[in-house]
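Undergrad: Below is a structure I'd like to ask you about.
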Amino acid sequence: MKKSPDDYTPGERKFADLVAALKAGKPNAYTYRVNSAVTKDGDFVIGLTYHSERQYYSASAIEIDGVRDNSKVCSWDAEGGALEGDVSDLLLASVHTSVRTV
């Protein structure tokens, strides 16, 4: 069952707004969309990168309940499972096919 936009977390709202901006052709929306995702708890992931050699995702920051944290270590395995105990699993459906890969 699909979640109602009224029930979105701040991170899910931000992600939905980003997807809408991309569809509307807003400048820079593609760049932000490619480098963003959302976790299963609805936290907004910023600066997402896939490390192909070691097969894991990392992020430069995360917004939990609308509060940005640049100091938190955020990484997920190739299947989206959180590698740290204080972040939730990555929602792989939100990861863009052109995510930055190193």
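The values are calculated or read from the model by the stated rules, or taken from the named source; none is laboratory data. Source: prediction; values computed, not measured. A quick note on method: Cβ atoms are made from the backbone with ideal geometry, for glycine too, and the neighbour counts reach across all protein chains shown. Just the protein is used for accessible areas: all its heavy atoms, side chains included, with ligands, DNA and RNA removed. Shrake-Rupley method; radii C 1.70, N 1.55, O 1.52, S 1.80 Å.
Undergrad: Calculate, in nm to one decimal, what Val99 and Ala21 gain on full extension: separation in residues at 0.36 nm each, minus their alpha carbon distance.
TA: The span from Val99 to Ala21 would gain 26.3 nm if fully extended.
Undergrad: When the helices in the chain are scored as -39500 (n - 2.57) per DSSP H run of 4 or longer and the sum is shared across all residues, what 222 nm value do you end up with, to the nearest 500 deg cm²/dmol?
TA: Values: 2 runs with 20 residues, N = 102.
-6000 deg cm²/dmol, from helical runs alone.
Undergrad: Then there's this: Take Arg100, Arg68 and sort them by solvent-accessible surface of the protein heavy atoms, 1.4 Å probe, largest at the top.
TA: Per-residue accessible area, sorted high to low, gives Arg68, Arg100.
Undergrad: Right, here's the next one. Counting only pairs 8 or more residues apart or on different chains, how many lysine pairs in the chain have their Cα atoms under 15 Å apart?
TA: 6
Undergrad: While we're looking at this one, here's another question. Using a 1.4 angstrom probe, figure out how much accessible area the chain has per residue, in square angstrom, rounded to the nearest whole.
TA: 60
Undergrad: I've got another one for you. Say the dipole of the chain comes from +1 at the beta carbon of Lys and Arg and -1 at that of Asp and Glu; which of Ser60, Pro27, Ser88 then lies farthest toward its positive end?
TA: Farthest towards the positive pole: Pro27.
Undergrad: Output the direction-averaged projected area (hull surface divided by four) of the convex hull of the alpha-carbon atoms of the chain, in nm².
TA: 6.7
Undergrad: State to the nearest 20 debye the size of the charge dipole of the chain about its Cα centre, where the only charges are +1 on K and R beta carbons and -1 on D and E beta carbons.
TA: 540
Undergrad: To continue, here is another question. Label points 7 Å out from Cα along the Cβ direction at Ser4 and Asp65: separation in nm?
TA: Output for this residue pair reads 2.3 nm.
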